[in-house]
Amino acid sequence: MADYSINAVTRRVVYSGSAGVGPYSFSFEVLAATDIAVYKNSTKLTLTTNYTVTINSNGTGSVTLTSAATGSDTITIIGSRAIERTTDFVTAGDLLAASLNEQLDSQIVMIQQLAEENRRTIKAPAFDPAATEDGGSLNMTLPAAATRASRVMAFDASGNPTQGPTTSEVANAQTYATNASASAAAAAASASSASSSASSATSSASSATSSAASATSSASSASSSASSASSSASSATSSASTATTKASEASASAALANDWATKTTGTVAGGEYSAKYHAQSAATSASNASSSASSAASAQTAAEAARDATLASFDSFDDRYLGAKASDPSVDNDGNALVAGSLYFNTAIGGMKVYTGSAWVAAYISGSGYLATANNLSDLQSAATARTNLGLGSIATLSAPSGTVVGTSDTQTLTNKTLTSPAISGGTINNAVIGGTTPADGTFTTVTDSKGELRRVPQNAQTSAYVLVAADAGKHISITTGGVTVNSGIFSTGDTITIYNNSGSNQTITQGTSVTIRQVGTANTGNRTLAQYGLCTLLCVASNTFVITGGGVS
């Protein structure tokens, strides 16, 4: 890297493209060809591809384009050194003046580069108040993007940037102003027409005056001729003739003068109109000008009213919706006290908040976790838990009976009805009287439970090894081969199971794990053998404890 002085110059130069490919020189010092950027009009060019750089011994240099520019092009060369430091001095290493100069030169280049960029930014004058960071009131930070989007920039009472009216509001105001300007122009045109008409009327009046003077002169000539006739008889005839002619001319001139003064339809002479015609036109133009002026004034008033209404609406909206903020504001955007109903978007929680008049609260709550009316309770997380919490029990899951349900004082004939654990007090069944401490005898056609008629023992026929299940209680098992196994936890005290060996061979009744099968009348326990065509009954006398009895049991 070169070692030379960095002069106080602006790191920017602009040329027209009239030099073609160049070279285009720059007077600010650079340390490398990559320390500059070159633009052709608004397009940034690429080093080597679009241009080359020549650096002089003092650090200045020039740019040569690979394709010629024209006089209508603009070539801009600016400083563009990367803001970085990629080397460090090492401990106990050489600290050379050349190395220090290179580092310092690089820093000065970057400082000048930043200064040139800073001069092309919007900034407050040096004599403005101090910045807020320094205890002053100046704050040149723009409003947030969401707040200033689609708005023109404005400045508040302190001269700080703020969001102005929306672009649509500005466009409307411009339309109102254009309409008012057009109305004013129409009024001015009408006034100009009125002025022209008045000028024409003046010209017509002047023509009428001239004609009247001509008539007077002709009349005077006629009078002189008559006097000459009386004094000179010899010229009486010619003088009389002359007088007649002059009198006729005077009459015609008088008629023309009258037309110049009063004629209201058509032209008088030479395509010109009378004074009265122009006066009437002037009056009409003046009336039109007055109407146009009134319309212009009305349009201006309407435009100003619309502008004021727009600004008032904007101010009212700005006082109600405060925009996006990270925390609850204590005043509105104008610095005034908050009003109830004000809104703002809290960026910290990602939700809207509303001011109640004394505190900020959430403007809405999420509907998740609530029951939707349209779902008719189908969106309950657990219907069983809900029934328990409501104290409904299992009755809430039963289907409604078909037909009429008997009430406490109702009488009804029950057909194909199942009564579970009924308590019968009085009355009759199949004409048998029920009542008293001991029910009277009765005759029943059939008595059934969930397993069938109570006078029968339902059969469960098996042709291979079988393990008893809870549904076998109250039934008899017909087994042909493989035997029967009794497992634990299946039956309750009082349950009975009958087993029939429907074969010519012995069948084993197997005692499962944790199960005790005791042979009736003995102390014997364990697996039992049921002889061919033998019949036995198992009675559950306690949890997992059974007594077996019957014919052919050993």
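Miscellaneous remarks
- Within the range 304-319, residues that are surrounded by 13 or more Cβ atoms within 10 Å (Cβ to Cβ) have Cβ atoms under 7 Å from residues that are among the β-branched types (Val, Ile, Thr) and not in a helix (DSSP H, G or I) in these pairs: ASP319/VAL339, counting only partners at least 6 apart in sequence or on another chain.
- Check on GLY59, closer than 30 Å to GLY20 by Cβ, surrounded by 10 or more Cβ atoms within 10 Å (Cβ to Cβ), in contact with a helix residue (DSSP H, G or I) (Cβ under 8 Å, 6 or more places away or on another chain) and not hydroxyl-bearing (Ser, Thr, Tyr): no
- Sole residue being crowded, with 17+ Cβ neighbours inside 10 Å and modelled with pLDDT under 85, chosen from ALA269, ALA240, ALA289, ALA236: ALA289
- The set of residues in the range 314-341 being touching a helix residue (DSSP H, G or I) at 6+ places or on another chain (Cβ under 6 Å) and assigned to a strand (DSSP E or B) consists of GLY323, ALA324.
- Pairs, first of a type in the set (A, V, I, L, M, F, W, C) in the range 74-92, second exposed (fewer than 11 other Cβ atoms within 10 Å of the Cβ), C-beta under 7 Å, six or more apart: PHE89/LEU95
- Residues (touching a residue at least 12 places away in the same chain (Cβ under 8 Å), exposed (fewer than 13 other Cβ atoms within 10 Å of the Cβ) and assigned to a loop (DSSP other than H, G, I, E, B)) located in the range 140-157: THR141, SER150
- Qualifying position, being part of a loop (DSSP other than H, G, I, E, B), closer than 21 Å to ILE108 by Cα and of a type in the set (A, V, I, L, M), among VAL30, VAL38: VAL30
- Among the candidates THR147, THR86, residue that is closer than 30 Å to ASN333 by Cβ and outside the structural domain of ASP332 (by TED's automatic domain parsing): THR147
- Looking only at residues of the range 16-30 that are farther than 13 Å from GLN113 by Cα and touching an Asp or Glu at 6+ places or on another chain (Cβ under 9 Å), we find that the one that is surrounded by the most Cβ atoms within 10 Å (Cβ to Cβ) is GLY17.
- Test: residue in the range 347-359 that is more than 30 Å from ASN160 (Cβ to Cβ) and modelled with pLDDT under 90: no
A quick yes/no check of all residues on (1) assigned by TED's automatic domain parsing to the domain that holds GLN462; (2) buried (at least 19 other Cβ atoms within 10 Å of the Cβ); (3) in contact (Cβ under 8 Å) with a residue 40 or more places away in the chain:
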site: PHE491; (1), (2), (3): yes, yes, yes
site: GLY494; (1), (2), (3): yes, no, yes
site: GLN507; (1), (2), (3): yes, yes, no
site: GLN519; (1), (2), (3): yes, no, no
site: ASN527; (1), (2), (3): yes, no, no
site: LEU530; (1), (2), (3): yes, yes, no
site: LEU539; (1), (2), (3): yes, no, yes
site: THR549; (1), (2), (3): yes, no, no
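- Residues considered: GLN280, GLN300. Of these, the only one that is modelled with pLDDT of 90 or more and either outside any loop (DSSP other than H, G, I, E, B) or touching a strand residue (DSSP E or B) at 6+ places or on another chain (Cβ under 8 Å) (or both) is GLN300.
- Residue list for the range 366-391, restricted to those being surrounded by 10 or more Cβ atoms within 10 Å (Cβ to Cβ) and either at pLDDT below 80 or among the aromatic types (Phe, Trp, Tyr) (or both): ASP379
The values are calculated or read from the model by the stated rules, or taken from the named source; none is laboratory data. Model, not experiment: these values are computed from the prediction. Using ideal geometry, Cβ is built from the backbone for each residue, glycine included, and neighbour counts are taken over all protein chains shown.
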